[in-house]
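Working notes for the structure below.
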Amino acid sequence: LPIIASFVYQKVLDASPGPERDVTPDLFSTLAAIQRIQAGRDLGTSLRLVSSATAQAVNADMVAIGLLAPDDGRTLRVLALHPPTGAMLTKQEITLPGAAHPALMMALDSGSLQRAYAFGDEGECVVDGESASGIYAHLGFERSGPLLIQPLVEGNSTLGVILAGNPISQKAWRPRNEQVLRAIGAAVSSSLAVTY
């Protein structure tokens, strides 16, 4: 895994133009957290560390990691959320039903990153025609904002998603944020494939 992590990190640096090529310690801490997954430590704790480190690495207000429920390949169980909302703090299980969120299913089915790319008539972020507010509400956030949905795919298996959002700052995503999230998604997928 350390070799994979360094390869992924180098790919992110190679894809970043100009001054954004600076080495970020946040990405190193994310990769260190990802190594905990493969080490077989507590999956929930490891994913919480990954979500927190990922939020710093992509400069996101929130990051959630959800894995497909083994008995239902269309429902995501959210195992990590940074920052934790009331539901996570009270240890309630948060689920995201795919039927209620077509953008999630599109990410899972296509295996490619989906993004909140525009604002609707009422200032609402829209992910491929779907309001992002429903996803945020399920996670316990009152406001919507730009959203990235990165599927976790290893080989032919779809394992879950990483959601990165800016419901507080409302900052738009830059290409580098997306590149870093894709790289983190690839590393998390590889680690989960070994242990999950």
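The values are calculated or read from the model by the stated rules, or taken from the named source; none is laboratory data. Source: prediction; values computed, not measured. Neighbour counts are summed over all protein chains in view; Cβ atoms, including those assigned to glycine, are modelled from backbone coordinates with ideal geometry. Quick note on the areas: whole protein, heavy atoms, side chains included, nothing else; ligands and nucleic acids left out. Shrake-Rupley method; radii C 1.70, N 1.55, O 1.52, S 1.80 Å.
Quick notes on this structure:
- Matching residues in segment 68-95 - criterion: being surrounded by 20 or more Cβ atoms within 10 Å (Cβ to Cβ) and modelled with pLDDT of 90 or more: 68, 76, 78, 79, 80, 81, 82
- Of residues in segment 170-192 being assigned to a loop (DSSP other than H, G, I, E, B) and open to solvent by 50 Å² or more (accessible area, probe 1.4 Å), the one farthest from residue 84 (Cα to Cα): 174
- Subset of segment 142-158 (residues that are surrounded by fewer than 20 Cβ atoms within 10 Å (Cβ to Cβ) and either assigned to a strand (DSSP E or B) or modelled with pLDDT of 90 or more (or both)): 154, 157, 158
- Boolean, residue 54 is under 16 Å from residue 151 (Cα atoms), at pLDDT 90 or above, crowded, with 19+ Cβ neighbours inside 10 Å and not basic (Lys, Arg): yes
- Which listed residue is at pLDDT 85 or above and open to solvent by less than 30 Å² (accessible area, probe 1.4 Å), from 132, 107, 137: 107
- Unique match (being under 9 Å from the mean Cα position of the chain (by Cα) and in contact (Cβ under 8 Å) with a residue 60 or more places away in the chain) among 152, 192: 152
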